[in-house]
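Colleague: One structure, pasted below without further comment.
The values are calculated or read from the model by the stated rules, or taken from the named source; none is laboratory data. Remember, predicted model here, so these are calculated numbers, not experimental data. With ideal geometry, Cβ positions are generated from the backbone for all residues, glycine too; neighbour counts draw on all protein chains shown. Only protein heavy atoms, including side chains, enter the accessible area calculation; ligands, DNA and RNA are left aside. Shrake-Rupley method; radii C 1.70, N 1.55, O 1.52, S 1.80 Å.
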Amino acid sequence: MFVFVTFQTRWPILALQDPESSHELSVWMAKNGLTPIDRVAENPALKVNVFGKEFSEILGEEQRSSVTNIAGNPLGLAAGCDKHGEAVKGFMNMGFGFVEVGSVTPQPQPGNDKPRMFRLTEDQGVINRYGFNSHGAEEVFERLKAIRESGQELRGNLAINLGKNKTADAIPDYVYGVKKFGELADFLVVNISSPNTPGLRQLQSRKELEGLISAVMKVRNESCPKVPLLVKIAPDLTDTELKEICQVATKMKVDGMVVTNTTISRPESLTGAAKEETGGLSGLPLKDMSTEVIRKVYKLTGGKLPLIGVGGVGTGQDVYDKIRAGASLVEMYSRLAYEGPWSPPKIKLELSRLLKADGFENVADAIGADAKK
Ligand SMILES: Cc1cc2nc3c(=O)[nH]c(=O)nc-3n(C[C@H](O)[C@H](O)[C@H](O)COP(=O)(O)O)c2cc1C
């Protein structure tokens, strides 16, 4: 479990390892049961029902009595950590209510040259330019299918994040992903916002988005109509672009949005030596930026579209802020490395206390509370 803290300056000897090796080791440990298991009983106040999936009580009564804890909470692991679906159970056992595997590309591809992940320790940030390194859909499919067929219920919900191959056309790749993974996923995420695949973020422009979304929604409706499909957007969009995306998403009946991916911007406040590296910035420097985008999207969609808030989360207060801004669920990744693998139960406890202090009986009552003030 120590690899998770390799970014922390208080573990200097562990920080000697390069970030990508730390990442790989963390996934290996989660895969092999070497990460902590959250055994704290879930607070019913953290139960939240989103796009028809209850983020609680997902197991039948019989199975429920045989496990210590039921994942019933809005905190998820963001895409990019378990890219190939190797350690889903281990991450769920850490206390996440859901895990988003991926991005998965149709064909295997190596991604960009190394080094491609950088710590900004002083800023609690990360810059990455992985460029969708993926084992490919077939391998990830077989891995996840084996979990589903093992008969063992997963403790949380499984999201699968879809990407495209570097030189392939976008629409056929995403259509392929929806067809391939629809039967295994609790929900699907179409990722059109990673900054490290040429042309990807252009898919967020109205014209391209309409073509893509109509194609993926069509195949979703035909092949897996009950599986919610979400679109993941960037934090660097203009107000006009955001408005157009919200219009398209609403018109085409997308089930929700993941807000946000990493940013290509570089806030003035950054001090880490790697701050000029090319790639997407995540972690603490992204926190407020992504919360503001959640706030705008919530407003633009009249609070009717479920949002998954992500960007810079490391404490219960951060989760609470995103929920109050309009997120129904909240994910984290980068700061897990700084806060450690034992942070999910701590974050959930903090969130429970904050909800109670403000008189909310349930997470659901706090969603978008800031907009209602
Ligand atoms: C190393 C790394 C790899 C990532 N890979 C992906 C990816 O493959 N697909 C994706 O949709 N997002 C990816 N992300 C973005 C995260 O899912 C998340 O949106 C972003 O990092 C903001 O959250 P955070 O500040 O909690 O990390 C990646 C992030 C990092 C740090």
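Colleague: Which residue is farthest from the ligand (Cβ to nearest atom), if the candidates are limited to the stretch 158-202 and must be more than 17 Å from Ala78 (Cβ to Cβ) and among the aromatic types (Phe, Trp, Tyr)?
Modeller: Filtering first and then ranking leaves Tyr176.
Colleague: Hey, does the stretch 228-236 have a residue that's away from the ligand (no atom under 16 Å from the Cβ), among the charged types (D, E, K, R) and not in a loop (DSSP other than H, G, I, E, B)?
Modeller: Within the stretch 228-236, none of the residues are away from the ligand (no atom under 16 Å from the Cβ), among the charged types (D, E, K, R) and not in a loop (DSSP other than H, G, I, E, B).
Yes/no matrix, rows are residues, columns are (1) of a type in the set (Lys, Arg); (2) modelled with pLDDT under 95; (3) closer than 30 Å to Arg266 by Cα:
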residue	(1), (2), (3)
Glu142	no, no, no
Glu153	no, yes, no
Leu158	no, yes, no
Gly163	no, no, yes
Gly177	no, no, no
Ala185	no, yes, no
Leu200	no, yes, yes
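Colleague: Answer yes or no as to whether Lys180 is touching a helix residue (DSSP H, G or I) at 6+ places or on another chain (Cβ under 6 Å), in a helix (DSSP H, G or I) and open to solvent by 10 Å² or more (accessible area, probe 1.4 Å).
Modeller: yes
Colleague: Further question: Give the residues of the stretch 291-315 that are more than 9 Å from the ligand (Cβ to nearest atom) and buried (at least 21 other Cβ atoms within 10 Å of the Cβ), sorted by residue number.
Modeller: Across the stretch 291-315, the qualifying residues are Thr291, Val293, Ile294, Arg295, Val297, Tyr298, Leu305, Pro306, Leu307, Ile308, Gly309.
Colleague: Right, something else. Checking Glu268 against (1) more than 16 Å from the ligand (Cβ to nearest atom); (2) acidic (Asp, Glu); (3) in a loop (DSSP other than H, G, I, E, B); (4) in contact (Cβ under 8 Å) with a residue 24 or more places away in the chain: exactly one of these is not met. Which one?
Modeller: Of (1) more than 16 Å from the ligand (Cβ to nearest atom); (2) acidic (Asp, Glu); (3) in a loop (DSSP other than H, G, I, E, B); (4) in contact (Cβ under 8 Å) with a residue 24 or more places away in the chain, only one is false for Glu268: (4).
Colleague: Here's another thing I want to ask about it. Of the residues Gly60, Gly80, only one is at pLDDT 90 or above and either open to solvent by 80 Å² or more (accessible area, probe 1.4 Å) or not aliphatic (A, V, I, L, M) (or both); which?
Modeller: After applying the criteria, what remains is Gly80.
Colleague: On to the next question. Looking at the stretch 132-160, I want the residues that are open to solvent by less than 10 Å² (accessible area, probe 1.4 Å) and have a partner that is assigned to a helix (DSSP H, G or I) and of a type in the set (Phe, Trp, Tyr) with Cβ atoms under 6 Å, at least 6 apart or on another chain. Which pairs are those?
Modeller: Pairs that qualify, where the first residue is open to solvent by less than 10 Å² (accessible area, probe 1.4 Å) and the partner is assigned to a helix (DSSP H, G or I) and of a type in the set (Phe, Trp, Tyr), are Ile160/Phe181.
Colleague: In the stretch 316-351, how many residues are open to solvent by 20 Å² or more (accessible area, probe 1.4 Å) and more than 16 Å from the chain's Cα centre (by Cα)?
Modeller: Matching residues across the stretch 316-351 total 9.
Colleague: While we're on this one: Within the stretch 118-142, which residues are assigned to a helix (DSSP H, G or I) and either within 16 Å of the ligand (Cβ to nearest atom) or farther than 17 Å from Glu86 by Cβ (or both)?
Modeller: As a first pass, look at the stretch 118-142 and keep what is assigned to a helix (DSSP H, G or I): 121-123, 137-142.
Within the stretch 118-142, Thr121, Glu122, Asp123, Ala137, Glu139, Val140 qualify.
Colleague: If you don't mind, another one. I need a count of the residues in the stretch 186-218 that are without any contact (Cβ under 8 Å) to a residue 60 or more places away in the chain and closer than 19 Å to Asn261 by Cβ.
Modeller: 17
Colleague: Here is a list of conditions, (1) within 16 Å of the ligand (Cβ to nearest atom); (2) within 20 Å of the chain's Cα centre (by Cα), and Leu242 meets all of them except one; can you say which number that is?
Modeller: Going through the list (1) within 16 Å of the ligand (Cβ to nearest atom); (2) within 20 Å of the chain's Cα centre (by Cα), Leu242 breaks only (1).
Colleague: Which condition from (1) open to solvent by 30 Å² or more (accessible area, probe 1.4 Å); (2) under 28 Å from Gly131 (Cα atoms); (3) in contact with a Pro (Cβ under 8 Å, 6 or more places away or on another chain) is the one that Asp288 breaks?
Modeller: Answer for Asp288: the failing condition is (3).
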